[in-house]
Amino acid sequence: MRITCPHCGARDAQEFTYLGAADPQRPDGMAATEAAMTEYVYLRDNPAGSHRELWYHGAGCHVWLVVTRDTHTHAIASVEAARARKAGAAA
Amino acid sequence: MAEIATSWRPRSAWAGIAQPGSFGAKGKTGVVATLLDGFGLATLIAEPGAATSLSRAVEGRLGIALPEMPRIVSGGAHDAIWAGPDQWLLRAALRDGFQPLLDELAAHAAVSDQSDARAAFRLQGPRTRDLLAKGVMLDLHPSAFGVGETAVTSVAYLGVQLWRLADGPDGPVFEIMVARSMAGSFWSWFTAAAAEFGCRVADQD
Ligand SMILES: [Zn+2]
């Protein structure tokens with residue numbers, strides 16, 4: 001699998017580290033309920049199909065990326081720098 | 001009071017690892033590795049939105065603008081090398097005057113002197129691309145990686161940055177830089193990979 005980094009171009013997947021789903025947002029503040037934290041820490045969708053996920057280009061530009069990948073085919077629909085996302089947006 | 005003597009001496013990043021000579025296939029010089037030494041090197045990292053003012057400061061001082069794409073831009077005794085978004089390497093051929101330059105640029109970016117932290121060499125010769133193809137996961141064909149392009153990547157699991165300079169009489173010319181602490185491991189890969197082509201190792205002029 002190759003990921004086309006917006007900064008570095010197409011690179012082998014071994015240059016990247018996978019983190020997980022890109023969209024869960026950490027509940028804000030100490031007032032967050034236990035249920036909300038449990039949801040954030042443990043509960044993930046497991047889609048067969050399009051998945052937005054975080055990858056780190058550790059052997060390249062050292063930038064976090066949001067990769068939209070089809071979990072069936074590994075086809076990658078888009079790659080963008082994570083910092084280009086509006087902070088805190090669920091996108 | 002007695003003077004305190006010191007036996008500390010500046011030491012090349014290649015000392016004890018690589019030395020001038022030849023190795024590998026007899027009677028052939030497929031690649032020539034020139035060990036680079038004595039250069040000044042610093043990382044420049046601009047805060048979001050501050051890259052333009054940093055680039056202007058570098059241009060005002062050295063006459064070269066910071067490349068926005070993965071490229072190396074050279075002007076006189078200095079090179080500005082893209083190293084990631086809002087990040088560059090600044091290289092000086094010599095260290096004289098390097099620290100005052102870094103002090104000036106520190107007003108515009110996070111500046112860190114890395115002069116003693118990297119080992120670098122220049123690679124040329126007719127088999128240069130064949131050699132690099134054994135370790136670099138990028139397409140370095142001239143149609144895909146032009147003169148002046150740079151890449152941050154890895155070779156044999158070791159982080160490297162490489163760039164392509166103008167072609168020389170024997171074809172392509174690349175320079176490769178690795179963390180100094182990894183120089184021995186990198187050289188181990190390099191000597192194994194280059195042996196079949198025949199390699200001459202030279203000191204810088
Ligand atoms: Zn990258």
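The values are calculated or read from the model by the stated rules, or taken from the named source; none is laboratory data. It should be emphasised that the depicted structure is a prediction, and the values quoted were computed from it without experimental measurement. Glycine also receives a Cβ, built like all others from the backbone with ideal geometry; neighbour counts cover every protein chain displayed. These accessible areas exclude ligands, DNA and RNA; they are computed on the full protein's heavy atoms, side chains included. Shrake-Rupley method; radii C 1.70, N 1.55, O 1.52, S 1.80 Å.
Compute the distance in nm between two label points, each set 7 Å from the Cα along the Cα-to-Cβ direction, one at residue A:18 and one at residue B:99. In this crude label model, residue A:18 to residue B:99 measures out at 4.9 nm. A probe of 1.4 angstrom, applied to the heavy atoms of all protein chains, finds residue B:104 with accessible area near 100 square angstrom. Across chain A, Cα pairs under 8 Å and at least six residues apart give a relative contact order of 29 percent. Around the amide H of residue B:41, modelled in the peptide plane, lie the amide H atoms of B:92, B:114, B:115, all under 5 Å away and 5 or more residues distant in sequence or on another chain.
When the stretch B:50-170 is described by a simple charge dipole with +1 on each Lys and Arg Cβ and -1 on each Asp and Glu Cβ, the residue from B:140, B:99, B:51 located farthest towards its positive end is B:140. Between residue B:202 and residue B:69, the simple spin-label model (points 7 angstrom out along Cα→Cβ) gives 3.1 nm.
Annotation for residue B:141 and residue B:112: the two label points, set 7 Å from Cα along the Cα-Cβ direction, are 3.7 nm apart.
Within the listed set B:51, B:80, B:166, the Gaussian network model of chain B (springs between alpha-carbon atoms below 10 Å) gives the highest mean-square fluctuation for B:166.
At a Förster radius of 25 Å, what calculated FRET efficiency corresponds to the Cβ-Cβ distance of residue B:192 and residue B:9, to the nearest 0.05? Mind showing how you got there, number by number?
Values: r = 30 Å, r/R0 = 1.22.
For residue B:192 and residue B:9, the calculated efficiency is 0.25.
Express in whole angstrom the spacing between the alpha-carbon centres of the stretch A:12-62 and the stretch B:102-177. After rounding, the separation between the Cα centres reads 33 Å. Scaling the Cα radius of gyration of the stretch B:40-113 by the globular reference 2.2 N^0.38 Å produces a ratio of 0.95. Using the rule -39500 (n - 2.57) for each DSSP H run of four or more residues, divided by the residues of chain B, the 222 nm mean residue ellipticity is -5000 deg cm²/dmol.
What ranking of B:182, B:177, A:30 comes out by heavy-atom accessible area, probe 1.4 Å, highest first? Kindly include the intermediate steps, with their values, before the conclusion.
On the way: B:182 80, B:177 5, A:30 190 Å².
Putting B:182, B:177, A:30 in descending order of accessible area: A:30, B:182, B:177.
In a fully extended conformation the segment linking residue A:31 and residue A:81 would gain 14.9 nm over its present Cα-Cα distance, using 0.36 nm per residue. Where in chain B lies the longest segment free of trypsin sites (Lys or Arg not before Pro) that are both loop residues by DSSP (not H, G, I, E, B) and have at most 13 other Cβ atoms within 10 Å? Result, exposed sites excluded: B:27-205. Whole-Hz Karplus values for the stretch B:58-70 come out as 5, 5, x, 8, 10, x, 10, 8, 6, x, 8, 10, x Hz, taken residue by residue from phi with 6.51 cos²θ - 1.76 cosθ + 1.60 and θ = phi - 60°; glycine and proline positions read x.
Per Stokes-Einstein, at 25 °C and 0.890 mPa s, what whole-number D in µm² s⁻¹ belongs to the stretch B:118-205, with the Kirkwood radius over Cα pairs as the hydrodynamic radius?
It comes out at roughly 186 µm²/s.
Take residue B:141: with every protein chain present and a 1.4 Å probe, its accessible area is about 100 Å².
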